[in-house]
Amino acid sequence: MHAVIIAVVIVAITGLILGIVLSVASVVMKVPVDETAVEIEENLAGANCGACGYSGCSGYASALSKGDCTDTTLCAPGGADTAKAIASILGVSGGELRPMTAFVACHGGKEECDTTMNYHGDMSCKTAAQLYSGGKACSFGCLGLGDCENACPYDSIHVNENGVAEVNAETCRACKICVNTCPQGIIEMVPLYHQEAVVYCSNHDKGAATRKECKVGCIGCMKCQKTCTHDAIKVTNFCAHVDQDKCVGCGDCIAGCPTKCLQLDTFGKIIVKDGAAEAKVQAAS
C-alpha cells in the first residue's frame, strides 16, 4: 500500500515539475504576434492565390504591416473594399484599384483549328501540351481540356462547346490562378469596363504556317501596327499584342485585320444610368 502511495506522489510531483517547466518555456519561447498583420489578413480575400506577388495572404499582410510594401491595392480578389479596409488599418490613403479580368488569347477551337491526330491520353492540358499539343495543329492555342476551369476557385472560366476556354468577366476576381495554371501561357489580364482592342491569338509561327493551322490565327502581317496611331500595337515574333495602357479603343486597327483575330471588346457589363454610361460593380466584389 505504501508503495502505491509513493508511486502516486512521485507521478504527481513529476507532473507538477513538468507543468512548471512548460509554463516557463511558453513564456520564454513565446513568438510575438503582429496584431496589425493579423487584422490585415482577416480583411483579405483568403484565396492565397499569389496575385499580390507574395506567397499568400499572410505574406502580403506581413509585408504591409512591416512597411516592406505600401501598395494596399494588390489583393485583386478582394477588390476596392479590401483596399479601403487595409488603408484604414494602416492609417494611409487608399490607392486606386483598376478592376481586371482574365482573358484567353485564343479563338481557335474545333471549327477553326485543324488537328493532326486524335488524342486519347490524360485529359489534362499540362499532359497534352507535352504530347504534340494533344493533336492540335496550333501548338500555341487553347487545348480545351479544362485545367484552368478546374483550378478556378470562383467558377469563372469554362471550356465552351468549341473547345476553347472562356472567362465570365463579371465573376472573375483576377486572382491569376488560371494564368499560372495554363501550360500554354495564353491567359492574361485585361481591364474591366473599358473598350479596348484585344488579340485572340497567341501563335508565334510564321504567317504561312499559321494559315495552315488555324483560320483565325494572327499571321503577323503588321497591318494593325501600321494602322494604330497611338503606338498601342506591336507585332513581336509574328504575333500582335496590344498595350492596354495605350489603347484608346478607337477600333481603327480592327478593319484591316485579315483573319479577324483582332477585335474590339468590352469586358464586363456596362449599364446606362441617367443617360450616362456607368460601369457595373463586380458581382464578386
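The values are calculated or read from the model by the stated rules, or taken from the named source; none is laboratory data. Source: prediction; values computed, not measured. Backbone-built Cβ (ideal geometry, glycine too); neighbour counts: all protein chains shown. Note: accessible area is taken over every heavy atom of the protein model, side chains too, but ligands, DNA and RNA are not part of it. Shrake-Rupley method; radii C 1.70, N 1.55, O 1.52, S 1.80 Å.
Just a few scattered comments:
- Gain on full stretching of the segment that runs from C221 to K110 - 0.36 nm per residue minus C-alpha separation: 37.5 nm
- Annotation for T266 and C250: the two label points, set 7 Å from Cα along the Cα-Cβ direction, are 2.0 nm apart.
- Region 1-115 - percent relative contact order, Cα under 8 Å, separation 6 or more: 17 percent
- Were the residues from K234 through M123 laid out at 0.36 nm apart, the gain over their Cα-Cα distance would be 36.5 nm.
- Using a cutoff of 8 angstrom between alpha carbon atoms and counting only pairs six or more residues apart, the relative contact order for the chain works out to 15 percent.
- Shape class for region 1-135, computed from the alpha carbon gyration tensor (a ≥ b ≥ c): oblate, with a/c not under 1.5 and a/b at or below b/c.
- Between helix 57-66 and the chain: long-axis angle, C-alpha atoms, 0 to 90°, nearest 10: 70 degrees
- Only Lys, Arg, Asp and Glu carry charge here, each on its Cβ (+1 for the first two, -1 for the last two); on that basis the chain has a dipole of about 620 debye about its Cα centre.
- As a length-normalised measure over Cα pairs under 8 Å and 6 or more apart, the relative contact order of region 139-186 settles at 41 percent.
- Potential extension, S139-E42 segment - 0.36 nm per residue separation minus Cα distance: 30.7 nm
- Bridging of K223 to aspartates and glutamates at a Cα separation below 13 Å is possible for D231, D252, once same-chain residues fewer than 8 apart are set aside.
- Based on protein heavy atoms only, the chain ends up with 56 Å² per residue of surface accessible to a 1.4 Å probe.
- In loop segments of region 1-105 as defined by DSSP, the GluC sites (Glu not before Pro) with at most 11 further C-beta atoms inside 10 Å of their C-beta are E96.
- Qualifying GluC sites (Glu not before Pro) in region 128-182, where qualification requires a DSSP coil assignment and no more than 11 other C-beta atoms within 10 Å, comprise E161.
- Net charge of Cβ neighbours under 15 Å - reference E161; Lys, Arg +1; Asp, Glu -1: -3
- Cross-link table K126/K269; K110/K206; K110/K176; K126/K260; K206/K226; K66/K246, entries beyond 30 Å C-alpha to C-alpha: K126/K269; K66/K246
- By a 1.4 Å probe calculation restricted to protein chains, D252 has an accessible surface near 80 Å², given to the nearest 10.
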